[in-house]
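Working notes, structure below.
The values are calculated or read from the model by the stated rules, or taken from the named source; none is laboratory data. Since the model is a prediction, treat every value here as computed from it, not as a measurement. All Cβ positions, even for glycine, are placed from backbone atoms using ideal geometry, and neighbour counts span all protein chains on display. We work out accessible area using only protein heavy atoms, side chains counted, and drop any ligands, DNA or RNA first. Shrake-Rupley method; radii C 1.70, N 1.55, O 1.52, S 1.80 Å.
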Amino acid sequence: MKLISTLMLTAAFGCTALAQDTIVNGRFENWGNTVPSGDTHTEPTNWYSNQSGSSIAALGGQTCFKDSTTVHSGRYSVRVETITGPFSTIINGNVTTGVVDAPSITKSDGYIGTVNYSTATDIRHMAFTGRPDSLVGWYQYTSGGTGEVGKIRAILHTGEYYDPETPTTYHPDPTANKVADLTFNTPAASVSTWTRFSMPFTYVGTGAPAYIMINMTSSANQATTVSGSKFWVDDLQVVYNTSHVGVQTVTLNEDEANVYSFGNTVCVKFYNQKVKPSTITLTDVTGKQVFSAQITTDEFSSYQLSNLKPGNYIYRLNNSDFSKTGKLFIE
């Protein structure tokens, strides 16, 4: 059987968008939402901000930015900033998988929802059917003033959902649709170096979700009157501690590497930027080596192995720091 060692640039998309139990564009490498129409401001692909929200929300100005200078890995991170908008209104920095809705100019009326928004095809929610243990990622934070903290909230749910949940005249109580959620708050002080966070989901339902809502803001206080807070996030992903349907995940060391497969694609993600050059090999059930590749990057690598027969394979990831093995299923 021919060995395949070509790095497929498009395979990273296959490991995320097709799986429905990983976060789409969680590394914030893809930027393609141009909002409003004809504007040069952009949002991460599959993510949204107030600029693509309701008409009042869009008046607030740009709070979501593509950052190519402060990055944890790859080319870009996402940065959200709390700014002073029109009429001296403080606009909380935000990026979300849902829709930012400002029904009025009163800040307490604002919320984020996962809904079919402006048209039947304008769907602002991220499909997700897994039951992960936790959400992990990397962040930096600059506080704009006393008491300011950044916040990430993730909700696994069915149907529609709204954050905050408190029912108002603008939306119903969605909590019956909640499967699990988590909230991560940064320290109140500034964090000037990339710092890893890991936050577990708290499950309230036994079924599978249909969607994941992820809301990130540079000001956790919705009613803040302080501008200037900045929140950088990169390499956002979910972690499974046990096997789950769809993606086979083996966590080697949470500070070193994660190896997993989806379909006929094998993905390798290093968390430690100082990891040394590595080699990944795959052998079939007879012990025959069927794939080998040198990994010289300390970021994310993916390999499409369409010539391999479906079945179980044993991988070995080697470098001068460690040698790990595990099982992958190739479809």
Quick one: go through the stretch 141-182 and flag any residue whose amide nitrogen is under 20 Å from the point 7 Å out along the Cα-to-Cβ line of SER190. 141-151
So, counting K/R as plus one and D/E as minus one, what does the shell of residues with Cβ under 14 Å around SER219 add up to? +3
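Beyond 25 Å between alpha-carbons counts as too far, so tell me which of LYS269/LYS324; LYS288/LYS324; LYS178/LYS230; LYS178/LYS324; LYS66/LYS327; LYS107/LYS151 fall in that bin.
LYS178/LYS230; LYS178/LYS324; LYS66/LYS327
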Against the rule of thumb 2.2 N^0.38 Å, how large the Cα Rg of the stretch 138-227 comes out: 1.23
Work through the residues other than ASP181 whose Cβ is under 11 Å from its Cβ and net out their charges, Lys, Arg +1 and Asp, Glu -1. 0
Give, as a single signed number, the net charge of other residues whose beta carbon lies under 10 Å from the beta carbon of SER229, with Lys and Arg counted +1 and Asp and Glu -1. -1
Just how far, in whole angstrom, is the stretch 276-331 from the stretch 204-219 if you go by their alpha carbon centroids? 32
What residues qualify as long-range amide H neighbours of SER229, i.e. H under 5 Å apart, gap of 5 or more or another chain, H built at 1.01 Å from N? THR82, GLY144
Whenever you get a sec, line up PHE128, PHE262, PHE87 from highest to lowest accessible area (probe 1.4 Å, protein heavy atoms). PHE87, PHE262, PHE128
